[in-house]
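Notes follow once the structure below has been shown.
Read-outs throughout are calculated quantities, based only on the coordinates presented, and are distinct from any laboratory measurement. This one's a predicted model, so the numbers in the text were calculated from it and none came from an experiment. Reconstructed Cβ throughout: ideal geometry from the backbone, glycine too, with neighbour counts over all protein chains shown.
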Amino acid sequence: MFFSRAQRRHPAYRQGFMEMLSVAPGIAAWGLMTGVAMATSGMQTPEVLAMAILVFAGSSQLAAIPLLGAGAPLWVILATAFCVNLRFVVFSAHMRSYVMHLPRTQRLLAGYFVADLTYVLFTKRYPTPGTTDQERAEQMAYLAGNATVNWLSWTSCSVLGVVLANYIPPSWGLGFAGVLALTGILCSLATSRMRVLAALMGAVVAITAYGLPLKLNILAAIAVSVVFSLVLEAYRAPLVREA
């Protein structure tokens, strides 16, 4: 299993657990809102509960729900979820060097458990992959603790939202709590001019391209920010060497 006994006993597991716990209320509120949206979409209760437990991807769930309710073709639903979650391609490319020492099964489980806030907190604490067995064990234990809180907060509250759908009005705006949690983490990562510029570029592109279908403005913002940062880094490197 990905969350092995050795990982749960490692001090880094508790560190990851506690750091994710600080943003868990935002994740829980977002999950609760998603559960309500699924329950009121017209889907059958067993289908809704299965999605709440198995599909660990809030944005793609929200994008797929109206399509499922409208009886859209399966390929349209899958394509929509794929486009919305394309940012995880970037996450996985970055995380690859952290987990390549693991067996394939554990790498797949790690990929399942890595979500937005998990990725952000993990890479913030460990900017570079471990080079020794001790460092790798610490990083994986931290990731396990981090993912435990994230998955439990999201899944349990999604199921709770399904159960309590008739008693939670949309006017509560619970989804905004998740946005606030992500915004707080984003601001804490703005520790250099390069990161601030990349964030601003992504925000401008995401807003400008908001009208694109299937939430492709998110993909456009990520792509432009990555290219923009690579160009700036390539331009800055010769200047640093000359100095």
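By other beta-carbon atoms within 10 Å, ranking 18, 201, 38 with the fewest at the front produces 18, 201, 38. Principal-axis analysis of the Cα atoms of the chain puts helix 193-208 at an angle of about 30° to the longest axis.
Place +1 on the Cβ of every Lys and Arg and -1 on the Cβ of every Asp and Glu in the chain, take the dipole about the Cα centre, and give the residue among 83, 31, 12 whose Cα lies farthest towards its positive end. Value computed over the given set: 12. Only DSSP H runs of four or more residues enter the estimate; each adds -39500 (n - 2.57), and after division by the residues of the chain the mean residue ellipticity at 222 nm equals -25000 deg cm²/dmol. Taking Cα atoms only, the orientation of helix 58-69 departs from the longest principal axis of the chain by about 30 degrees. Between helix 116-125 and the chain there is an angle of about 20 degrees, using the helix long axis and the longest principal axis of the Cα atoms. Computed 3J(HN,Hα) for segment 7-13, one whole-Hz value per residue from the Karplus formula 6.51 cos²θ - 1.76 cosθ + 1.60 where θ = phi - 60°, is 5, 5, 8, 6, x, 5, 4, glycine and proline marked x.
For the chain, the Kirkwood hydrodynamic radius from C-alpha pairs, put into Stokes-Einstein at 37 °C and a viscosity of 0.692 mPa s, yields a diffusion coefficient of 169 µm² per second. Computed from the C-beta positions of residue 234 and residue 54, the FRET efficiency with R₀ = 25 Å rounds to 0.05.
A simple spin-label model places pseudo-atoms 7 Å from Cα toward Cβ; at residue 210 and residue 187 they are separated by 2.0 nm.
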